[in-house]
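To start, the structure under review is shown below, and the notes come after it.
The values are calculated or read from the model by the stated rules, or taken from the named source; none is laboratory data. Remember, it's a predicted structure, so these values are computed and weren't measured experimentally. Cβ sites come from the backbone with ideal geometry, for glycine too, and all protein chains shown count toward neighbours.
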Amino acid sequence: MAEDSVVVTFEDGTAIPIRVAFVWPLPAPVDRSLPAREQYAILRPLADAGDAVAARTLYELLDQCLEAANSNARTRLHCEGVTAEQMAESLDWLQRADQGGDYIAGHRWAARLGDSQEGFEAWETRWRQGDPHALLALSRHYERGVPASTGGVPDPVRAHAYRLADFYVREAVYSKFQGLQTMRTLHADEVRSAGGRLNPQQHAEAQALAQDILSSNRNCCRGMW
């Protein structure tokens with residue numbers, strides 16, 4: 001995991017230094033070209049022993065086999081020998097991979113929880129751990145009035161604050177690291193479009209809240225950019 005420092009600069013000149021860590025997923029501990037039943041036999045004891053990558057790979061394998069009934073014959077043949085009981089365990093392995101700290105599994109588990117209080121809390125946990133990709137997910141939850149704290153009513157200011165925090169972090173990262181700069185224009189247009197729905201006072205509140213969101217999280221930011 002490579003690390004570097006960047007400075008997030010807001011439009012009012014407020015500067016917030018953050019540490020940026022680049023996370024790369026670990027490879028699957030099995031040859032994915034093997035028949036599914038052979039992969040299962042290799043992965044299951046590893047996952048039982050607490051290997052989070054093996055648990056996530058096991059989820060991916062079983063999830064693929066769950067979809068095989070509606071897929072082509074080649075996929076169904078690949079999954080021969082994997083039982084319905086084993087396939088029904090797929091989400092359990094995803095949750096265990098998340099609990100074991102696997103980055104990709106954490107995203108998939110939170111996404112599986114959808115627009116629910118549980119989903120919101122899962123993304124909140126990811127943000128507290130420093131995952132910048134949680135910012136947009138939290139923005140969407142506030143936009144839809146999902147958190148219990150909103151009483152089911154959309155909170156456009158807080159939604160935009162999280163969107164701004166995401167924007168300024170990405171702006172700082174994209175401007176510093178080659179290969180990421182092509183993302184800047186598209187991302188900026190999306191944020192301007194969303195911000196156009198707020199009045200000046202709401203926009204100022206969102207800016208202040210976005211600064212607090214970033215400055216109060218000492219774990220920011222580690223993720224796949």
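Odds and ends about this structure:
- Residue in region 45-61 that is more than 23 Å from the chain's Cα centre (by Cα), free of Cβ contacts under 8 Å to residues at least 60 places away in the same chain and closer than 30 Å to ALA208 by Cα present: no
- Some residue of region 145-154 being under 12 Å from the mean Cα position of the chain (by Cα) and of a type outside the set (S, T, N, Q): no
- Residue check for SER90: surrounded by 12 or more Cβ atoms within 10 Å (Cβ to Cβ), in contact with an Asp or Glu (Cβ under 8 Å, 6 or more places away or on another chain) and among the hydroxyl-bearing types (Ser, Thr, Tyr): yes
- Condition check for ARG126: in a helix (DSSP H, G or I), of a type in the set (Lys, Arg) and in the same structural domain as VAL20 (by TED's automatic domain parsing): yes
- Test result for GLY145, within 25 Å of VAL53 (Cα to Cα) and in a loop (DSSP other than H, G, I, E, B): no
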